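The values are calculated or read from the model by the stated rules, or taken from the named source; none is laboratory data. Fair warning: this is a prediction, and the values are worked out from it, not measured in the lab. A quick note on method: Cβ atoms are made from the backbone with ideal geometry, for glycine too, and the neighbour counts reach across all protein chains shown. Side chains are part of the model used for accessible areas, which takes the heavy atoms of the whole protein and leaves out ligands, DNA and RNA. Shrake-Rupley method; radii C 1.70, N 1.55, O 1.52, S 1.80 Å.
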Amino acid sequence: MDEVFAAGGVPHPEMGPLVDELARIGPEQLAAAGRRRDAIFMQQGITFDATGEEGPVKDRPFPLDLVPRILPASEWTHIKRGLAQRIRALNHFVDDIYHGREIVRDGIVPWKLVVSRTHFARAVHGIRPPGGVYCHVAGCDLVRDSDGTWKVLEDNVRTPSGISYVLENRVAMTRLVPQLFQHYRVRPVDHYPSLLLAALRAVAPSTDDEATVVVWTPGPLNSAYFEHAFLARQMGVELVEASDLVVRDDVLYMRTTSGLQRVHAVYRRLDDDFIDPLEFRPDSLLGVPGLVRAYRAGTVAIANALGTGVADDKAVYHYVPEMVRYYLSEEPILQNVQTYLLTDPEARAEVLGRLDELVVKPTGESGGKGVVIGPSTSKEDLEALAATIVADPGAFIAQEVVNLSTVPTTGVDGVIAPRHVDLRPFAVFGETIKIVPGGLTRVAMVEGSMIVNSSRGGGSKDTWVLEDGQDGDRAETITPGPLPPTMPDLRYGSGWSGQAQQQQQQRDPEPEV
């Protein structure tokens, strides 16, 4: 289905003003605005690394399409309620599997599946973070099926990225195509940094003074480094690497020019494996020795909590609707895409007979890595995939192909054509769950393609949630905080001995977008 045009090419009622304004602008002006966008993004360091047919592409301008995606208020209310419900259930699940394992004991989720997941963290068993909040930041990927139904494609509660591009996309749209806004009342998104900072302070250990919060990055070689630096700047907190941090007597400190300063809350943007070489990978050059010990002692909050990656796993995803029923005694508002666990012999046999009709995904990967779309894959490649599945069925799931909805999208020449999209809304869980109106709409820039990941050539759109006269999702404009004095340059960073591990941390949410 197309979200702007109904059958016969007639715009849906709410989309008419957008279509008319785009016609007045015309392809030539849209193409010129696109060139200005790329120049501005390159100048400001709003870039991303992508993998194309000719190999990796470094410092590519983040691909923003100039036609917004519009969501009516009623649709957003449904999405928001469904996301909040799902995040609550996932948070309960993470707490449960590292403590009582009630959902395992009651036969809902197999323990064998949980402990075999790549991101199950034995090192944090029995640790309960402040407030019992694990999934401080969530970025679930949603798709709209051909019948208009919203479904969850993936859950990202480990280190989801993309929010910086949501904020920058909105600023760019107001400057490049301001005339599109004149017909709509669009809910703001610029309050996200204040929501994140408030959530981090809410879960920080009690202190007489204001809690010290930092953003922890693997370093400038990471593909999402722009976002790490952006969020630190917007929150007015320090951007740190491992060399800036040290643990003394089970307390985390930051090195400053005036000595050690205690850190109360860390927004980390690297995986568990690299966090602490004493508890996870001993060869990690990106981690802080003793951090898990401080975390266990309750002297520092880490967001997202260690161990949440198990809830990202695509095999665990299969059970989320049951988690909603089990923990919340509610029916799921948002459904999963039909998913097959290949450890089930009957499901595996069906999938092997329908590989050319299904999508197959590695359970522990993210960002589109290793995904095979059956209908567009050669017979030889499908045969090789079948052999891999038989050898290790637990490493994969299969899903029915979702015919993603389309939204008009501009090409390089300014000509508009339909392209497939998904949606990643962002939620912040502190004292309560707050969801930023809209999110990152990712768009497949190639005609007919369903690959929307930016790291694989996809683009993005500014997502407009329309106001309905209520104040629930409105917020005052937040003035960005001052640039931290030790802020590294956004574009350049000298290499160092940990650069290979920085590059390894380029997972796309990580997915990194």
Specify the residue that is most open to solvent (accessible area, probe 1.4 Å); the eligible residues are those in the range 102-144 that are in a helix (DSSP H, G or I) and touching a residue at least 24 places away in the same chain (Cβ under 8 Å). G131
Would it be correct to say that P193 is open to solvent by less than 10 Å² (accessible area, probe 1.4 Å), in contact (Cβ under 8 Å) with a residue 40 or more places away in the chain and not in a helix (DSSP H, G or I)? no
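A quick yes/no check of all residues on (1) part of a loop (DSSP other than H, G, I, E, B); (2) closer than 16 Å to T217 by Cα; (3) of a type outside the set (D, E, K, R):
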| position | (1), (2), (3) |
| --- | --- |
| Y267 | no, yes, yes |
| D273 | no, yes, no |
| D276 | yes, yes, no |
| P282 | yes, no, yes |
| R293 | no, no, no |
| R296 | no, no, no |
| L306 | yes, yes, yes |
Of the residues G430, G370, which is of a type in the set (G, A, S) and closer than 22 Å to L167 by Cα? G430
Candidate set: the range 3-40, residues that are among the charged types (D, E, K, R) and out of contact with any His (no Cβ under 9 Å at 6 or more places or on another chain); chosen: the one surrounded by the most Cβ atoms within 10 Å (Cβ to Cβ): R37
Is it the case that some residue within the range 181-189 is over 25 Å from F93 (Cβ atoms), part of a helix (DSSP H, G or I) and not aromatic (F, W, Y)? yes
Test A297 against the criterion of being within 24 Å of the chain's Cα centre (by Cα), of a type in the set (G, A, S) and either closer than 24 Å to A224 by Cβ or surrounded by fewer than 23 Cβ atoms within 10 Å (Cβ to Cβ) (or both), and give yes or no. no
Identify all residues within the range 146-167 that are among the charged types (D, E, K, R) and touching a Leu at 6+ places or on another chain (Cβ under 8 Å); write none if there are none. K151, D155
Odd one out for K434, checked against (1) assigned to a strand (DSSP E or B); (2) open to solvent by less than 40 Å² (accessible area, probe 1.4 Å); (3) in contact with a helix residue (DSSP H, G or I) (Cβ under 9 Å, 6 or more places away or on another chain); (4) not small (G, A, S): (2)
Given the condition open to solvent by 10 Å² or more (accessible area, probe 1.4 Å), of a type in the set (S, T, N, Q) and either touching a Ser or Thr at 6+ places or on another chain (Cβ under 6 Å) or free of Cβ contacts under 8 Å to residues at least 60 places away in the same chain (or both), answer yes or no: does some residue in the range 221-234 qualify? no
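What is the residue count in the range 85-101 for residues that are under 23 Å from L153 (Cβ atoms) and open to solvent by less than 20 Å² (accessible area, probe 1.4 Å)?
The total comes to 9.
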Against the conditions (1) in a loop (DSSP other than H, G, I, E, B); (2) open to solvent by less than 70 Å² (accessible area, probe 1.4 Å); (3) closer than 30 Å to E75 by Cα, where does G287 fall short? Just the number, please. (3)
Restricting the search to the range 235-244, which residues are out of contact with any strand residue (DSSP E or B) (no Cβ under 6 Å at 6 or more places or on another chain) and either in contact (Cβ under 8 Å) with a residue 40 or more places away in the chain or open to solvent by less than 20 Å² (accessible area, probe 1.4 Å) (or both)? M235, G236, E241, A242
Where in the range 311-416 are the helices (runs of 4 or more DSSP H), entirely inside, with at least 1 residues that are open to solvent by 40 Å² or more (accessible area, probe 1.4 Å), of a type outside the set (D, E) and out of contact with any Leu (no Cβ under 9 Å at 6 or more places or on another chain)? 345-353, 379-391
